[in-house]
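> Structure below; questions to follow.
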Amino acid sequence: MNTNILRAAINLSKMKDNNIMDIYKSNTRINNVGDALEYYVRDIFCGMAKGSIANKEKAYAENFSYLGNQNNPPDFIIKNGDAVEVKKIGTLKSAIALNSSYPKEKLLLGDGFITEACRQCEQWEEKDYIYSVGSVINKKLKLLWLVYGDCYAANKNTYERILKAIKNGVKQINGIQFSETREIGKVKKVDPLGITVLRIRGMWHIDNPIRAFDYVAKYDPEKEFTMFAIMKKSKYLSFPKKDREEMESSGISISDTKIKDPNNPVNRIDAKLIKVVF
């Protein structure tokens, strides 16, 4: 395995710099805070936040099998590792806009929203999925979450059941023509002339991790920067022993906790909470 979320936490704790626009001011490819955040997250996984553009691109090629685009998830895939989706918000507690794609427990090869390049980047069927949510305030990254989808989202059947019910309900309307699309669908022949089309598109949101995990992760707004990472304990133990040992001896806060099962909240899942503060 190349890099992983533990390496990202270690790199971040050593870097101690959250002024993301200042870090990338010389990179002409970065035009806004959202771009800067995506590069920042890439770079902490590679340990290259302060490197030259040429060295960063070399590190990306060594560590990632796929780099995405703004319209299709994920933003990058670690070689033989996890998929990462980066979301920027301008406040600490805003909901996370997922647009047409419902929350992901895992990234699946058959996902209709991913590109062909993503499907072919390596041999894979499913990927563990990390939501990287950054609160950027006054051009500084104040709070960063790295949360695994299987700690955050229910299984895909939960969301697809709702989509199916909406489609079936629309199909019951007399006098229209419904057609399937990659989104929810289109309704044709809305008007007597049959020239108007209604496009039905889902606009999904999910609660900010600061709300979803407020019972286990306590945020102190007086700190300059905080990063929380949440994963199942079994996932933590799957990482290389040398990475776990390095992190456990680095001074980074690592604690055992129990989180609500996204598919059945009365159950509790053994999990790890990692915290980096500076």
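> In this structure, does ILE44 turn out to be outside any helix (DSSP H, G or I) and among the β-branched types (Val, Ile, Thr)?
No; evaluated as a whole, the condition is false for this residue.
> Another one. Being surrounded by fewer than 22 Cβ atoms within 10 Å (Cβ to Cβ) and among the hydroxyl-bearing types (Ser, Thr, Tyr) is the filter here, so list the residues in region 149-166 that pass it.
THR158, TYR159, listed by residue number.
> Consider region 196-210. How many of its residues are touching a residue at least 40 places away in the same chain (Cβ under 8 Å) and loosely packed, with under 12 Cβ neighbours inside 10 Å? Steps first, please.
In the first step, residues of region 196-210 are kept if they are touching a residue at least 40 places away in the same chain (Cβ under 8 Å); the result is 201-210.
Next, from what is left, pick out any that are loosely packed, with under 12 Cβ neighbours inside 10 Å: 203.
Residues in region 196-210 being touching a residue at least 40 places away in the same chain (Cβ under 8 Å) and loosely packed, with under 12 Cβ neighbours inside 10 Å: 1 in total.
> Then there is this: For region 173-195, which residues satisfy the criterion of being closer than 23 Å to ASN71 by Cα, exposed (fewer than 15 other Cβ atoms within 10 Å of the Cβ) and not polar (S, T, N, Q)?
Taking region 173-195 and keeping what is closer than 23 Å to ASN71 by Cα, we get 179-186.
Filter again for exposed (fewer than 15 other Cβ atoms within 10 Å of the Cβ), leaving 179-182.
Matches in region 173-195: GLU180, ARG182.
> Turning to a different aspect of this structure: Which of the residues that make up region 122-147 are crowded, with 16+ Cβ neighbours inside 10 Å and outside any strand (DSSP E or B)? Step through it out loud before you land on a result.
Here is the first cut: in region 122-147, the ones crowded, with 16+ Cβ neighbours inside 10 Å are 124, 127-136, 140-147.
Of everything in region 122-147, just one residue is crowded, with 16+ Cβ neighbours inside 10 Å and outside any strand (DSSP E or B), namely TRP124.
> Residues in region 94-121 that are of a type outside the set (A, V, I, L, M, F, W, C) and loosely packed, with under 14 Cβ neighbours inside 10 Å: how many?
Step one: of region 94-121, the residues of a type outside the set (A, V, I, L, M, F, W, C) are 94, 99-106, 110-112, 115-116, 119-120.
Adding the requirement that they be loosely packed, with under 14 Cβ neighbours inside 10 Å leaves 110, 112, 116, 119-120.
Number of matching residues: 5.
> Among what's in region 47-65 and is aliphatic (A, V, I, L, M) and not in a helix (DSSP H, G or I), pick the residue that is nearest to VAL136 (Cα to Cα). Explain how you work it out, then say what you get.
Let us first name the residues in region 47-65 that are aliphatic (A, V, I, L, M), namely 48-49, 53-54, 59, 61.
Narrowing further to those that are not in a helix (DSSP H, G or I): 48-49.
Details: MET48: 20, ALA49: 17 Å.
Here the answer is ALA49.
> Still on this structure, please answer the following. Let me confirm something: among ASN168, ASN157, ASN138, which residue is under 30 Å from ASN32 (Cα atoms) and free of Cβ contacts under 8 Å to residues at least 12 places away in the same chain? Steps first, answer last, please.
On the way: ASN168 fails: under 30 Å from ASN32 (Cα atoms); ASN157 fails: under 30 Å from ASN32 (Cα atoms).
One residue alone meets the criteria, ASN138.
> In region 1-25, what count of residues is obtained for those that are assigned to a helix (DSSP H, G or I) and crowded, with 22+ Cβ neighbours inside 10 Å? Talk me through it step by step, then tell me what you get.
Here is the first cut: in region 1-25, the residues assigned to a helix (DSSP H, G or I) are 5-15, 20-23.
Keeping just the survivors that are crowded, with 22+ Cβ neighbours inside 10 Å gives 5-9, 12, 20.
Final tally of qualifying residues: 7.
> Does region 44-65 contain any residue that is under 21 Å from LYS232 (Cβ atoms) and assigned by TED's automatic domain parsing to the domain that holds PHE228? Give the derivation first.
Just the residues of region 44-65 that are under 21 Å from LYS232 (Cβ atoms), to begin with: 45.
Now narrow it down to the ones that are assigned by TED's automatic domain parsing to the domain that holds PHE228: 45.
Yes, that holds for at least one residue.
The values are calculated or read from the model by the stated rules, or taken from the named source; none is laboratory data. Everything numeric here is computed off the predicted structure, so don't read it as measured data. Backbone-built Cβ (ideal geometry, glycine too); neighbour counts: all protein chains shown.
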